[in-house]
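Have a look at the structure below before the remarks.
The values are calculated or read from the model by the stated rules, or taken from the named source; none is laboratory data. Just so it is clear, the structure is predicted and the values come from calculations on it, not from any experiment. Please note: Cβ atoms are built from the backbone with ideal geometry, for glycine as well, and neighbour counts cover all protein chains shown. Heads up: the accessible areas ignore ligands, DNA and RNA and are worked out on the full protein's heavy atoms, side chains in. Shrake-Rupley method; radii C 1.70, N 1.55, O 1.52, S 1.80 Å.
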Amino acid sequence: MKNKIFSFINITGLTIGITVCMMIFLFIMNEFSVDKFHKNGDQIYRVMREYDKSKPAVPYLSGPYGPALLNDFPGQIKKAVRVEIENGLISFGNKAFNEKRLFETDGNFFTLFSFPLLIGNPENVLNNPGSVVLTENTAKKYFGSPENAMNKTIDLNKTIHLKVTGVSKDVPSNSHLNFDLVVPLSNFTHDNGFDVWINNRLFTYVLLDNGASKESVEKQFPSFMEKYMGKDMINFGFHFNLKLTALKDIYFEPLSDFDKVKHGDKKVVYIFLSIAILILLIACINFMNLSTIRAVERSKEVGLRKVMGALRNNLIWQFIGESILLTFISCALSIGLLLILMPYYDHLLGYQLIVSWNSWPIYLFLAGVIIIAGFLAGSYPAFFLSAFSPIQALKGKLRLGKGGSFFRQSLVILQFSISVFLIIGTLIIIVQMKYIKSKNPGYDETQTIVIPIDNDDFYNHMNMFKTELQNQPNINSVSMMSGEPGGFFDLQGFKAEGKNDETLKFRSEYADFEFVKTLGLKIIAGRDFSPSFPTDTAQSVLINHTAASLLGWTPAQAIGKWIRNTIRDSLNRRIVGVVEDFDFLSLKEKMDALVISPSEDKRVAVVNMRPGNITGSIKLIRDEYNRVAPVYPFEFNFQDQKFDELYKTDLRQQTILFVFAGLAIFIACLGLFGLASFTAAKRTKEIGVRKVLGSSTGNIVVLLSKDLLKPVLIATCIAIPIGYTAMNNWLNNFAYRTPLYWWIFVTAACTTILIALFTVSFKAVQAGLANPTDSLRSE
């Protein structure tokens with residue numbers, strides 16, 4: 001209470017630092033708790049398929065793998081559960097919902113995984129093909145409550161009648177699997193291609209027996225694959241193998257293409273952890289600095305205590321106790337601040353954090369912060385103050401000395417080095433995201449919408465949908481394709497003319513004749529698909545420039561050469577055209593070879609509209625969609641919105657880093673303001689004398705500012721090379737990256753210096769404008 005400004009600065013800085021630490025602690029605790037709640041989690045593995053040593057294994061297998069693994073590994077594999085993630089139309093009465101998280105699983109899904117059921121028996125809840133389990137939230141959405149949902153009948157895709165036999169608790173955010181409904185897979189095992197080994201479509205999880213090990217099972221996989229896939233691997237020119245990924249490792253494993261489960265990134269976790277430590281360190285430095293510069297004011301107190309018999313240990317514990325008390329107050333305030341900020345934090349993260357205020361780790365963390373931060377912040381001032389000579393202290397002749405000044409300046413340098421580093425990181429992420437967004441993708445993404453072909457009604461009438469739209473003046477072109485840019489492009493095996501028996505791994509796209517026109521691609525050699533050539537449907541392909549180069553041809557040389565998809569085609573197809581490379585993958589990946597075939601594998605409809613009345617065009621498209629698939633809701637995305645989806649993790653990092661960099665600067669400037677206040681107060685009489693002798697206010701401001709800004713300038717010089725190195729490594733994650741422009745570092749430096757200058761100048765101007773007679777009157 002005697003030193004309100006210093007107390008305010010210390011408590012505010014520590015409160016912000018501890019709040020950030022708590023937010024990040026909850027995030028990290030949530031990240032590392034993913035899938036840890038399953039009873040048999042240590043023995044559960046997901047079976048992964050390896051096809052290329054240079055790329056991550058993929059989780060998709062075909063239907064026969066599960067039963068075959070159980071059959072061929074008796075005594076080693078106890079259970080095998082297949083999970084297919086789909087979306088489907090759920091209808092009952094006059095209600096209909098297009099559900100995106102529909103799980104089609106084997107009947108023992110709830111006995112393998114520990115997703116608790118509110119109603120129903122895990123052993124038999126999915127035994128009947130006509131059963132369905134809803135989550136609590138889905139049951140409320142459909143029927144008002146879990147109890148009301150029981151034994152109700154719903155229809156899946158208008159053809160499969162299902163009775164609600166169980167209701168599970170809502171899936172927690174720390175699960176890599178996230179479902180709204182679970183349906184027996186037995187309803188779909190008779191589909192065409194389900195039992196074809198090469199047709200991969202679902203996940204397979206296995207429970208190993210207590211005596212079995214991951215390594216022993218994996219050693220037997222080559223012979224297992226040879227037994228069931230030997231002929232296919234020869235025919236298709238692929239070599240497949242299997243591996244097991246432990247359930248606890250799935251969340252953090254390298255992300256394979258289009259894995260429909262939740263994944264995390266350990267790099268992001270470590271970045272968050274580093275930021276938390278840095279911000280708390282800045283807050284502790286404030287405390288150490290301000291406590292040390294107040295040493296002169298407290299020197300007489302220390303001297304008197306020593307004369308009265310206080311030992312140095314008593315004084316050390318007194319000052320550390322004060323530090324811990326202030327940290328405790330800050331901790332209490334930070335809990336309240338955290339509760340206010342949690343909804344915004346959840347929105348920033350993109351999901352709701354699980355916070356159990358009854359769990360001991362949270363309180364252990366808070367106790368650890370109070371003790372560690374209290375000791376860290378209070379240790380140097382405690383040892384510094386307790387070392388005073390009582391005689392000098394009581395005579396008022398105590399001086400802080402050059403050593404103390406050097407130490408304080410070193411701490412300010414450390415503070416602002418961290419701040420400048422965070423600003424550099426934020427600026428480079430912003431510049432990289434802007435670079436990616438502004439890069440010419442090589443295709444037309446304006447006035448283009450993407451509609452998923454995710455139901456039979458639309459699929460069966462897609463040609464009618466396309467024909468009707470193309471006759472409309474507002475519509476430029478419509479194409480049905482297997483994947484839009486940024487969407488699905490499978491990696492498949494190809495044989496090519498002049499390549500002997502080598503099997504090449506190229507990306508594939510299956511589309512109709514309007515593919516090139518709709519995306520606005522550029523043909524650089526040959527021609528586009530055309531109805532004028534009746535053989536194009538079965539005998540022709542387009543390739544991109546990269547594919548031609550990898551085959552050793554110029555675009556012109558590629559025309560007329562044959563290429564064959566070893567999985568899809570028995571006959572060779574002729575290359576009729578070469579398109580200029582376009583960014584069909586994320587810009588984190590290098591340009592890959594692409595083969596475009598006019599074959600049946602339609603997953604999306606892409607509609608390119610003419611400029612002008614976009615709202616009217618979308619209404620027209622919606623009306624036509626509702627005509628061919630009246631029960632299904634019309635859902636679409638603009639193609640240019642794909643950017644936010646592809647780089648959502650990087651954009652989220654950008655926002656979080658921006659917020660934390662701002663907090664770091666704010667806390668550092670709080671400390672600088674405290675130092676400026678102390679300096680101005682200690683040099684009041686000097687300033688008065690200088691003003692009497694003719695110094696202007698400007699001279700006084702420069703005098704006070706230059707000493708305080710010197711460590712900020714040094715910090716900037718230290719942070720720039722560190723920031724350059726760290727962010728250069730981050731940019732290496734992108735195949736296409738922005739240069740590290742000099743102005744980024746200059747901007748970071750100028751921003752920091754200007755903020756620091758404003759902070760210092762406020763007190764300096766106040767001191768310069770003061771009437772000198774007030775300070776000299778007591779002399």
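The figures follow:
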| read-out | value |
| --- | --- |
| For Ala367: the one exception among (1) without any contact (Cβ under 8 Å) to a residue 40 or more places away in the chain; (2) closer than 28 Å to Ser386 by Cβ; (3) hydrophobic (A, V, I, L, M, F, W, C); (4) surrounded by 14 or more Cβ atoms within 10 Å (Cβ to Cβ) | (4) |
| Qualifying residues in segment 587-630 (those that are assigned to a helix (DSSP H, G or I) and touching a strand residue (DSSP E or B) at 6+ places or on another chain (Cβ under 8 Å)) - the one most open to solvent (accessible area, probe 1.4 Å) | Leu620 |
| Some residue of segment 171-178 being touching a residue at least 60 places away in the same chain (Cβ under 8 Å) and on the phi > 0 side of the Ramachandran plot | no |
| Top-ranked residue in segment 734-754 [being assigned to a loop (DSSP other than H, G, I, E, B) and not β-branched (Val, Ile, Thr); ranked as least open to solvent (accessible area, probe 1.4 Å)] | Phe734 |
| Single condition Leu177 does not satisfy, out of (1) under 25 Å from Lys248 (Cα atoms); (2) open to solvent by 20 Å² or more (accessible area, probe 1.4 Å); (3) part of a loop (DSSP other than H, G, I, E, B) | (2) |
| Subset of segment 661-681 (residues that are within 28 Å of the chain's Cα centre (by Cα) and open to solvent by 10 Å² or more (accessible area, probe 1.4 Å)) | Gly662, Leu663, Ile665, Phe666 |
| Qualifying residues in segment 332-362 (those that are in a helix (DSSP H, G or I) and farther than 30 Å from Thr649 by Cα) - the one most open to solvent (accessible area, probe 1.4 Å) | Trp360 |
| Residues satisfying the stated conditions in segment 635-653, i.e. part of a helix (DSSP H, G or I) and more than 17 Å from Ile621 (Cβ to Cβ) | Lys642, Phe643, Asp644, Glu645, Leu646, Lys648, Thr649, Asp650, Leu651, Arg652, Gln653 |
| Residue satisfying all of: in segment 697-751; among the charged types (D, E, K, R) and touching a residue at least 40 places away in the same chain (Cβ under 8 Å); nearest to Ser419 (Cα to Cα) among these | Lys710 |
| Filter result for Leu713 (open to solvent by 40 Å² or more (accessible area, probe 1.4 Å), over 37 Å from the mean Cα position of the chain (by Cα) and farther than 14 Å from Gln766 by Cβ) | no |
| Within segment 583-629, considering residues that are among the charged types (D, E, K, R) and in contact with a Pro (Cβ under 8 Å, 6 or more places away or on another chain), the one modelled with the lowest pLDDT | Arg603 |
| Failed item in (1) part of a helix (DSSP H, G or I); (2) of a type in the set (Val, Ile, Thr); (3) touching a Lys or Arg at 6+ places or on another chain (Cβ under 8 Å), with Ile656 passing the rest | (3) |
| Residue tally, condition modelled with pLDDT of 90 or more and either open to solvent by 10 Å² or more (accessible area, probe 1.4 Å) or in contact with a Pro (Cβ under 7 Å, 6 or more places away or on another chain) (or both), over segment 475-494 | 3 |
| Residue count for segment 57-73, restricted to those that are assigned to a helix (DSSP H, G or I) and open to solvent by 20 Å² or more (accessible area, probe 1.4 Å) | 4 |
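Here is a yes/no grid of residues against (1) open to solvent by less than 30 Å² (accessible area, probe 1.4 Å); (2) touching a residue at least 24 places away in the same chain (Cβ under 8 Å); (3) hydrophobic (A, V, I, L, M, F, W, C); (4) assigned to a helix (DSSP H, G or I):
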{"position": "Gly75", "(1), (2), (3), (4)": "no, yes, no, no"}
{"position": "Gly88", "(1), (2), (3), (4)": "yes, yes, no, no"}
{"position": "Ser91", "(1), (2), (3), (4)": "yes, yes, no, no"}
{"position": "Glu104", "(1), (2), (3), (4)": "yes, yes, no, no"}
{"position": "Ser114", "(1), (2), (3), (4)": "no, yes, no, no"}
{"position": "Leu118", "(1), (2), (3), (4)": "no, yes, yes, no"}
{"position": "Asn121", "(1), (2), (3), (4)": "no, yes, no, no"}
{"position": "Ile154", "(1), (2), (3), (4)": "yes, yes, yes, no"}
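Conditions (1) at pLDDT below 85; (2) surrounded by fewer than 21 Cβ atoms within 10 Å (Cβ to Cβ); (3) outside any helix (DSSP H, G or I), marked per residue:
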residue: Met22; (1), (2), (3): no, no, no
residue: Ile28; (1), (2), (3): no, yes, no
residue: Ser33; (1), (2), (3): no, yes, yes
residue: Lys36; (1), (2), (3): no, yes, yes
residue: Asp42; (1), (2), (3): no, yes, no
residue: Met48; (1), (2), (3): no, no, yes
residue: Asp52; (1), (2), (3): yes, yes, yes
residue: Lys55; (1), (2), (3): yes, yes, yes
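Here's the yes/no breakdown for (1) hydrophobic (A, V, I, L, M, F, W, C); (2) without any contact (Cβ under 8 Å) to a residue 12 or more places away in the chain; (3) more than 14 Å from Arg46 (Cα to Cα):
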{"position": "Thr204", "(1), (2), (3)": "no, no, no"}
{"position": "Met225", "(1), (2), (3)": "yes, no, yes"}
{"position": "Gly230", "(1), (2), (3)": "no, yes, yes"}
{"position": "Asn235", "(1), (2), (3)": "no, no, yes"}
{"position": "Phe238", "(1), (2), (3)": "yes, no, yes"}
{"position": "Ile250", "(1), (2), (3)": "yes, no, no"}
